[in-house]
Amino acid sequence: MGKFTGHEHDPRFHYGPSAMRNKFLGTGEPGYHPLRKLRTVLSGLRYAVFYDWAVAYKLVLSVAVMIVAFALRAWVDLMLIIVVTAMVLVAEIFNSAIEALCDFVETRHNEKIKVIKDIAAAAVGISILAWLVVLGVETARFIAAVRG
């Protein structure tokens with residue numbers, strides 16, 4: 001299963017018969033379960049933060065700048081930081097999921113898989129650029145506000 005092997009028997013990552021229903025495949029348990037959906041979201045986020053360094057460090061840096069924005073009561077700046085942080089984390093998580101799926105489907109080198117991974121990485125690169133610009137500008141503004 002690519003780089004995600006070793007969790008097949010971990011109950012935190014169970015996708016058996018009690019998993020949420022997949023509306024496209026018709027698998028899983030029928031019915032809408034909002035708490036189960038929330039639990040799945042939190043499980044995926046926890047997995048991404050603990051096992052994907054690219055997600056973890058971006059989250060830590062963003063939270064540090066958000067704390068400063070909150071302390072300075074810079075609400076619009078705080079919202080902008082939250083939006084670009086969410087964007088970069090979503091891109092990183094999608095990229096990780098795409099890479100894992102590609103590695104699961106094709107274990108050998110495949111040029112088509114390489115193109116798919118490169119496109120997903122490009123999306124991450126674009127979001128990182130926007131994230132770095134916003135965090136850089138906001139950090140410079142906060143430093144100027146504290147000094148001035």
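The values are calculated or read from the model by the stated rules, or taken from the named source; none is laboratory data. As the structure is a prediction and not an experimental result, all values here were calculated from the model. Cβ: placed from backbone, ideal geometry, glycine included. Neighbour counts: every protein chain shown.
Checking each residue in the range 88-97 for being out of contact with any Leu (no Cβ under 7 Å at 6 or more places or on another chain) and either outside the structural domain of K58 (by TED's automatic domain parsing) or surrounded by 17 or more Cβ atoms within 10 Å (Cβ to Cβ) (or both) picks out V88, A91, E92, I93, N95, S96. For the range 124-136, indicate whether the set of residues that are over 19 Å from the mean Cα position of the chain (by Cα) and loosely packed, with under 11 Cβ neighbours inside 10 Å is non-empty. No, the range 124-136 has no match at all.
Does the range 109-117 contain any residue that is among the acidic types (D, E) and closer than 24 Å to V90 by Cα? No, because not a single residue in the range 109-117 is among the acidic types (D, E) and closer than 24 Å to V90 by Cα. Just so you know, in the range 102-121 the residues that are without any contact (Cβ under 8 Å) to a residue 12 or more places away in the chain and either touching a helix residue (DSSP H, G or I) at 6+ places or on another chain (Cβ under 8 Å) or of a type in the set (D, E) (or both) include one that is surrounded by the most Cβ atoms within 10 Å (Cβ to Cβ), and it is I113. Taken as a whole, the condition of being on the phi < 0 side of the Ramachandran plot and surrounded by fewer than 16 Cβ atoms within 10 Å (Cβ to Cβ) applies to V63. Count of the range 6-54 residues, restricted to those that are at pLDDT below 65, among the charged types (D, E, K, R) and either loosely packed, with under 10 Cβ neighbours inside 10 Å or under 30 Å from G125 (Cα atoms) (or both), is 3.
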